[in-house]
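Accompanying notes for the structure given below.
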Amino acid sequence: MGEKGLIKKMGVIIVGIIVFVGIAVIALLIISGVFEKSAYLKPWKKDYAQKFDDPRIQLTAYGLLAANGHNMQPWKIRLDKDDSMVFYLYADSDRLTDEVDHFARQMIVTKDNTRLSQVKSGMLYSMLILEAQRQGFVMQPLSQVLEEYPEMKKLYSGIHRDYAPEGETIQMLIRLGKPTKKVPQSMRRDVMDLIVRE
């Protein structure tokens, strides 16, 4: 094979590699959804909840913005068929973060173990974080010391001894401050992704 033939063969190989890599990159971009219209910031729009007629879905749309562990939004909602004002909130086990929180301790903060207290605690935290944001503050929960498992017993007992000596339960520690830099809003799923279809 002459020099021209070798150059031609090398050119074909290089073009083939470039085409293959180009196709692979385009395929990866398509699979990743980069060409799809981003919808993950829509729930942050002020009129997002109003586009739904069902008040239960409107309420869920507001709840979708609540802070949650690792931003997994691990909830499912089942709408009651018989009562248009009733819905049921469930944990979405497919969206829990077993790797970092095997016992799902980060999912719900409770005052005690009743469902009512769990919901009230979550509502209060959501109101606090939204009001703090409105006033230009940021909040960060610091819950490690409040975890109730054997390895944390000494720290858990210590903080309760120092800050809840009358036998109260510290439900949450929160760090509050002024942000030092602007950060983008976190991604949210579409509210209809939470609704269980029957």
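FYI, it's all coordinate maths here, none of it is from the lab. A quick note: this is a predicted structure, and the numbers were derived from the prediction, not measured. A quick note on method: Cβ atoms are made from the backbone with ideal geometry, for glycine too, and the neighbour counts reach across all protein chains shown.
Report relative contact order for the chain in percent, whole number only (criteria: Cα-Cα under 8 Å, sequence separation at least 6).
Dividing the mean separation by the residue count of the chain yields 24 percent.
Using the 10 angstrom Cβ neighbour count as an exposure proxy, how do His160, His70 rank, fewest first?
Starting with the residue having the fewest Cβ neighbours, the order is His70, His160.
Give me Leu6, Leu155, Leu128 ranked fewest to most by other Cβ atoms within 10 Å of their Cβ, as a rough exposure proxy.
Numbers: Leu6 10, Leu155 13, Leu128 16.
Ascending number of Cβ neighbours within 10 Å: Leu6, Leu155, Leu128.
Extension gain Leu116-Met10, at 0.36 nm per residue separation less the Cα-Cα distance, in nm?
Extra length available between Leu116 and Met10 comes to 31.0 nm.
Using the crude model of +1 on Lys and Arg Cβ and -1 on Asp and Glu Cβ, and no other charge, please compute the dipole size for the chain relative to its Cα centre, in debye to 20.
960
Among [x] 10.7; [y] 10.0; [z] 20.3, find the value of mean projected area of the Cα convex hull in nm² that was calculated from the structure presented, and write down its label.
[z]
What is the gain in length, in nm to one decimal, between Met192 and Asp162 on full extension, counting 0.36 nm per residue of separation less the C-alpha to C-alpha distance?
Gain in length upon complete extension: 6.3 nm.
Can you work out the Karplus-derived ³J(HN,Hα) for every residue in region 164-178? Use 6.51 cos²θ - 1.76 cosθ + 1.60 with θ = phi - 60°, whole Hz, and x for glycine or proline.
Ordered by residue, 3J(HN,Hα) equals 9, x, 8, x, 5, 10, 7, 8, 7, 9, 10, 9, 10, x, 8 Hz.
May I ask you to evaluate 6.51 cos²θ - 1.76 cosθ + 1.60, the Karplus curve with θ = phi - 60°, for each residue of region 145-162 and list the ³J(HN,Hα) values in order in whole Hz, giving x for glycine and proline?
5, 9, 5, 9, 9, x, 5, 9, 4, 5, 5, 4, 5, x, 5, 6, 5, 7
Could you identify which residue out of Ala24, Ala66, Ala132 has the top mean-square fluctuation in a GNM of the chain using Cα springs shorter than 10 Å?
Of Ala24, Ala66, Ala132, the Gaussian network model singles out Ala24 as fluctuating most.
With unit charges on the beta carbons (Lys and Arg positive, Asp and Glu negative) and the dipole taken about the Cα centre of the chain, which residue among Pro150, Leu96, Phe52 sits farthest to the positive side?
So the residue we want is Phe52.
Just name one of Ile129, Leu79, Val15: the one whose Cα is farthest towards the positive end of the charge dipole of the chain (beta-carbon charges, Lys/Arg +1, Asp/Glu -1).
Result: Val15.
For the residue pair Glu148 and Arg134, what label-to-label distance in nm results when each label sits 7 Å from Cα along the Cα-to-beta-carbon direction?
3.2
May I ask for the distance between the Cα centers of region 1-30 and region 146-174, given as a whole number of Å?
Answer, in whole Å: 64.
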